[in-house]
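Engineer: First the structure, which I've put down as structure tokens, then a few questions once you've had a look.
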């Protein structure tokens, strides 16, 4: 009887360990399935070899403890030195232009005027403040040499429209 209780405890601990491994290295439910099967085996052994009452108690305990364990584990594992390397660091708070720093600078060009260096059908190149930039026409086609104004930036592009000529 003592060795059976020890076997049941080992099955439950192995199941919990396999659930933790699944959280650290998701293998599409392989460790999850084996871990749950291990705990189910422990419950069946408890019903058959120990007593039905102990089986019911173990089932109720596992139904309450496993969800709490799975809720707590992702919050605790990133703090442990051994498992911290499996988790990403916190997300940056200011993400504007971090992936492409040049894109953040294009916002400052809104409202500026320049010249179309190529025909924009609808995309091409413009020169604004001495910089050659990839641009997209807001609507239609823009001829080479036309005066353009930056309406907005979109990623690494600027969106431009033709500036009406005075006179």
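Engineer: From the list 116, 103, which residue is surrounded by 16 or more Cβ atoms within 10 Å (Cβ to Cβ), at pLDDT below 85 and more than 30 Å from residue 5 (Cβ to Cβ)?
Structural biologist: After applying the criteria, what remains is 103.
Engineer: For segment 106-131, what are the residues that are closer than 17 Å to residue 156 by Cβ, assigned to a loop (DSSP other than H, G, I, E, B) and without any contact (Cβ under 8 Å) to a residue 24 or more places away in the chain? So that I can check it myself, show each step before the final result.
Structural biologist: Step one: list which residues in segment 106-131 are closer than 17 Å to residue 156 by Cβ, which gives 106-110, 112, 114, 117-118, 120, 122-129, 131.
From the residues that got through so far, the ones that are assigned to a loop (DSSP other than H, G, I, E, B) too are 110, 112, 117-118, 122, 129.
Hits for segment 106-131 are 122, 129.
Engineer: Pick from 46, 25: which is in contact with a helix residue (DSSP H, G or I) (Cβ under 8 Å, 6 or more places away or on another chain) and in contact (Cβ under 8 Å) with a residue 60 or more places away in the chain?
Structural biologist: After ruling out the rest, the residue left standing is 25.
The values are calculated or read from the model by the stated rules, or taken from the named source; none is laboratory data. Owing to the predicted nature of the structure, the values given are computational and were not obtained by experimental measurement. Please note: Cβ atoms are built from the backbone with ideal geometry, for glycine as well, and neighbour counts cover all protein chains shown.
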